[in-house]
Amino acid sequence: MKIQIDQNKITGKVTLIVGKDIEMSSSLGFLIYIGLGIVGAVLGAKLKIPAGALIGAMLTIIVFKMTMKMHWEIPKGFSFALQVFVGIMVGASFQPGLLHVMKKIALPVIISCVVLVGAGVIMAIIFARLGLLDIGTAYLGTSPGAMSALIVLAFDSQAQPMLVVCFHFVRVVFVILTAPLIFKWISN
């Protein structure tokens with residue numbers, strides 16, 4: 001059986017031809033991404049990497065694309081599906097008891113949100129003015145919040161999702177590595 005891989009130098013479209021008659025479509029390529037992503041997610045979670053499923057899936061696809069030099073387009077409805085799943089996750093995590101707790105901690109939560117978002121906006125403006133990042137990527141990268149939700153927003157807003165992931169991954173790792181030391185210091 002002969003396998004041939006053709007990549008259009010202008011469009012980057014990859015065609016995998018097996019034998020003489022079977023051509024690999026973008027849909028099949030996307031299914032390969034899903035399969036590899038699941039394997040990477042499981043490995044990342046088992047290795048207890050911060051945001052392991054997300055980072056594991058991402059790194060597996062990147063390594064695949066770099067070694068195989070293949071690229072398939074993600075279907076147009078995928079971003080919508082991601083937003084639906086993130087919305088479901090957030091909605092499902094809501095508990096009615098949260099409203100009672102929120103009344104008690106409303107002021108610290110509001111102050112924390114304003115300070116963190118304000119710091120993110122200031123850093124985003126600085127990074128954009130220095131020409132380091134576009135304003136959208138800078139804002140989503142420096143924004144506090146759930147990495148998965150901000151990545152979905154990055155895809156939707158024409159920001160650079162990979163850079164947003166890098167910001168949040170480094171931040172999560174930094175917090176995990178420094179939290180025990182800081183907690184010990186402030187507890188004394």
**Message:** With unit charges on the beta carbons (Lys and Arg positive, Asp and Glu negative) and the dipole taken about the Cα centre of the chain, which residue among A53, V101, A124 sits farthest to the positive side?
**Reply:** V101
**Request:** Determine, at each q value in 0.13, 0.16, 0.18, 0.21 (inverse angstroms), the log₁₀ of I(q)/I(0) that the Debye formula gives when each Cα of region 77-188 is one equal point scatterer.
**Result:** -0.66, -0.96, -1.12, -1.23
**Fill in**
The orientation-averaged projected area of the Cα convex hull of the chain, in nm², is 15.4 nm²
**Prompt:** How large is the dipole of the chain about the Cα centre if only Lys and Arg carry +1 and Asp and Glu carry -1, each at its Cβ, rounded to the nearest 20 debye?
**Reply:** 380 debye
**Prompt:** Once you charge only the Cβ atoms, +1 for Lys and Arg and -1 for Asp and Glu, what is the size of the charge dipole of region 41-108 about its Cα centre, to the nearest 20 debye?
**Reply:** 160 debye
**Message:** Please report the spacing between the Cα centers of region 28-59 and region 127-188 in Å, no decimals.
**Reply:** 20 Å
**Message:** Calculate the FRET efficiency for F30 and S112 from the Cβ-Cβ distance with a Förster distance of 45 Å, rounded to the nearest 0.05.
**Reply:** 0.70
**Complete:** Longest principal axis of the chain (C-alpha) makes with the long axis of helix 78-93 (C-alpha) an angle, in degrees to the nearest 10, of 30 degrees
**Item:** Count of lysine pairs in the chain with Cα separation under 17 Å (8 or more residues apart, or interchain)
**Value:** 6
**Convex hull of region 139-182 built on C-alpha atoms - directionally averaged projected area, nm²** = 2.9 nm²
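We did not get these values from a lab; they are worked out from the coordinates using the rules stated. Computed from a predicted model, the values in this text were never measured in an experiment. We place every Cβ from the backbone using ideal geometry, glycine too, and count neighbours over all the protein chains shown.
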